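The values are calculated or read from the model by the stated rules, or taken from the named source; none is laboratory data. Just so it is clear, the structure is predicted and the values come from calculations on it, not from any experiment. All Cβ positions, even for glycine, are placed from backbone atoms using ideal geometry, and neighbour counts span all protein chains on display. Ligands, DNA and RNA are excluded from the accessible area calculation, which covers all protein heavy atoms including side chains. Shrake-Rupley method; radii C 1.70, N 1.55, O 1.52, S 1.80 Å.
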Amino acid sequence: MKHLDMEFLVFGEDWGRHPSSTQHILTTQFKNYDVIWINSIGLRQPTFSWRDLKRISEKIQASIKPPSDKAFTSLPAHSLKPTAIIKPLVWPLAQNAFVQALNNMILKRQLRPKKKARVIWAALPSAVDYLKICDSDLVIYYCGDDFSALADVDHDYATQAEQKLIARADIILACSPSLKAKFPKEKTWLLPHGVSLSQFAKPASNPEDIDNSRPSVGFYGSLNDWLDQDLLLRLAKARPNINFYLLGPIQTNTSKLLQRHNIHLLPAKPHHQLASYLQHWTMAILPFKDNAQIRACNPLKLREYLAAGCPIISSDFPAVRSYHPIASIATSNEQWLSAIDHYCHFSTDERQAYAQQAQNRVSEESWEQRANLVTQLIKEQLMYNKSDVN
């Protein structure tokens, strides 16, 4: 495909803070296009909590001096980076007209002049407050979450901002069918998450903090309210000779999990190290509660589990159903325990056969293939906009 003369202006989370779908998709574009990344502008008003004060302090420090490579814990040292990273000192979700104008003035001074077609990639509804200063040729709303149900979000404001962004966007990309259904059909496309196939399929060494003398059940990601801790406790109690490993930042009360000797909470690991865990766990799990956020989600880790060839057991939610029966779906304690026992008794040959089947299932779902679809949509829309003007 011929490369377009354009640049991306991205409203996303803080670059390198965690490996989001937006980071994966846009990283594939770094070699062909300029990508100006605007760090998070927030989805809720800050409070005087210790957590928020610490976050504000981090933002101020980041704006004063560039972070060291150690700050980007989710990225390998050789990872490509955006053309520029903007760290705006704006007040999140400003409701006052003066503060909104001040926010726009601060960000506008940090934007470089446009020299080619500019495509806005808005992964946060709050980006709509800044579109008037961006001098855009095309606006894409990438919806990777149900912001009306997402934890730690000002739901009323996020919903209002999203409605304005929907009206303004030229293209809307939704990561799941349930999210796609709420947007205008004429300008909305389904863009499921992808996976870094080679990264997860490449053999990796055994992590030192995993005991391979016993079967293991693993999960990585935020330990948040949507994680079914009661289910985990029941499973760990019923199978005391199996280790349960949970990797990720703790964002909820996990004290009861620590009561079980065979449940191990490990700190978040850099994204490029996750394959080593998947390849050496006996199985990986998605133990989610049934709520609006989970019904709308399309977890990146689902395809990563498959690309690593790791057997999967999951709660029942829409995104996992198309991967059944490669991904086992359990809706009761008995089904969970039966699946756990089944994978514990896999022979080496059975494990290899499963891995091959799982990797084949996601072989056409790379981030590069997802990005190619996006580029084609952009090309068509820019041509349409140009002809419409003429």
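Tabulated values for the structure
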item	result
Charge context of T331, other residues only, Cβ under 13 angstrom, K/R +1, D/E -1	-2
Among A296, F30, H280 - extreme Cα towards positive end, dipole of the chain, charges at beta-carbon	F30
Gain in span if fully extended, D349 to D135, counting 0.36 nm per residue against the direct Cα distance	71.3 nm
Between 0 and 90°, nearest 10: helix 348-361 axis offset from the chain longest Cα axis	20 degrees
Theoretical gain in end-to-end length, E365 to S322 [0.36 nm per residue, Cα-Cα removed]	14.2 nm
Carbon/sulfur fraction of accessible area - the range 102-228, other protein chains in place, 1.4 Å, %	51 percent
The range 77-208: translational diffusion in µm²/s, Stokes-Einstein, Kirkwood Rh over Cα pairs, 10 °C, 1.306 mPa s	92 µm²/s
Helix 50-64 axis, angle to the chain major axis (alpha carbon atoms, nearest 10°)	50 degrees
Distance between modelled label sites at M383 and T331, nm, 7 Å Cα→Cβ extension	4.6 nm
Hypothetical label at K237: residues of the range 319-338 whose amide nitrogen lies under 20 Å (7 Å Cα-Cβ projection)	331-338
In nm, spacing of pseudo-spin labels at N253 and W189 (7 Å Cα→C-beta vector)	4.6 nm
Accessible area in square angstrom per residue, the range 116-255, 1.4 angstrom probe	41 Å²
Residue-level accessible surface for L4, protein heavy atoms, 1.4 Å, Å²	40 Å²
Shape category assigned to the range 251-372 from the gyration tensor of Cα positions, a/c cut at 1.5	rounded
Helix 367-389 vs. the chain, principal-axis angle (Cα, 0 to 90°, nearest 10)	20 degrees
Linear extension gain, T159 paired with D211, 0.36 nm per residue minus alpha-carbon span	14.2 nm
Computed Rg/Rh of the chain, alpha carbon atoms with Kirkwood Rh	0.97
The chain - share of DSSP beta bridges that are antiparallel (%, nearest 5)	0 percent
MRE, 222 nm, helices only [DSSP H, n ≥ 4, -39500 (n - 2.57), over the chain, to nearest 500]	-10500 deg cm²/dmol
